[in-house]
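The values are calculated or read from the model by the stated rules, or taken from the named source; none is laboratory data. Note that this is a predicted model, so its numbers are computed, not measured. Because the Cβ atoms are built from the backbone with ideal geometry, glycine has one as well, and the counts that use them run over all protein chains shown. Heavy atoms of the whole protein, side chains included, go into the accessibility calculation; ligands, DNA and RNA do not. Shrake-Rupley method; radii C 1.70, N 1.55, O 1.52, S 1.80 Å.
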Amino acid sequence: MVEQRAPASVSKPVRPMVNRDSAFFWDGTAVNELRVQVCNACEAVRFPPGPACPDCGAFDRGHVVATGRGTVFSYVVHRHPPVPGKELPIVIALIDLDEGVRMVGEVVDVADDEVEIGMPLRVSFNRVDDELTLPVWRRAE
Ligand SMILES: [Zn+2]
């Protein structure tokens with residue numbers, strides 16, 4: 001049987017790759033938790049997730065639920081080319097989490113000329129559909 005594939009739609013967001021190393025992260029966003037991988041051997045937190053601890057080499061991994069607070073380390077305003085499911089411009093930031101890791105994320109509800117390095121942010125969760133909830137970042141009060 002030939003699998004039928006729908007043509008790529010410009011209105012659908014790009015979906016993340018979910019694999020054995022990142023499933024815990026997406027299971028977390030589904031329940032409005034921002035999860036960060038932690039080494040069960042030495043307690044080092046790390047992002048992006050991976051099979052082995054870069055500090056001690058252990059494979060015994062778990063996760064912590066982040067506070068969801070961070071600050072803008074750096075950012076870009078993306079104006080072109082078009083991004084599926086997005087109305088441009090969008091603000092993409094490198095965010096330093098309170099837990100000590102840095103992750104990339106979309107900043108929403110902040111004008112592209114208002115975002116600045118050091119701006120405090122808090123995570124919120126954008127439920128796209130039953131299988132995908134994306135973390136997004138808003139200005140923290
Ligand atoms: Zn470790």
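Data table
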read-out	value
Top-ranked residue in the stretch 42-51 [being near the ligand (Cβ under 9 Å from one of its atoms) and surrounded by 14 or more Cβ atoms within 10 Å (Cβ to Cβ); ranked as farthest from residue 17 (Cα to Cα)]	44
Scope the stretch 23-40; condition touching a Pro at 6+ places or on another chain (Cβ under 8 Å) and either of a type in the set (Phe, Trp, Tyr) or open to solvent by 50 Å² or more (accessible area, probe 1.4 Å) (or both); matching residues	24, 25, 26
Tally, over the stretch 102-132, of residues that are among the β-branched types (Val, Ile, Thr), outside any strand (DSSP E or B) and within 16 Å of residue 68 (Cα to Cα)	1
Sole residue being within 20 Å of residue 124 (Cα to Cα) and in a loop (DSSP other than H, G, I, E, B), chosen from 99, 43	99
Which numbered condition residue 101 fails, given (1) open to solvent by 40 Å² or more (accessible area, probe 1.4 Å); (2) of a type in the set (A, V, I, L, M, F, W, C); (3) under 19 Å from residue 23 (Cα atoms)	(1)
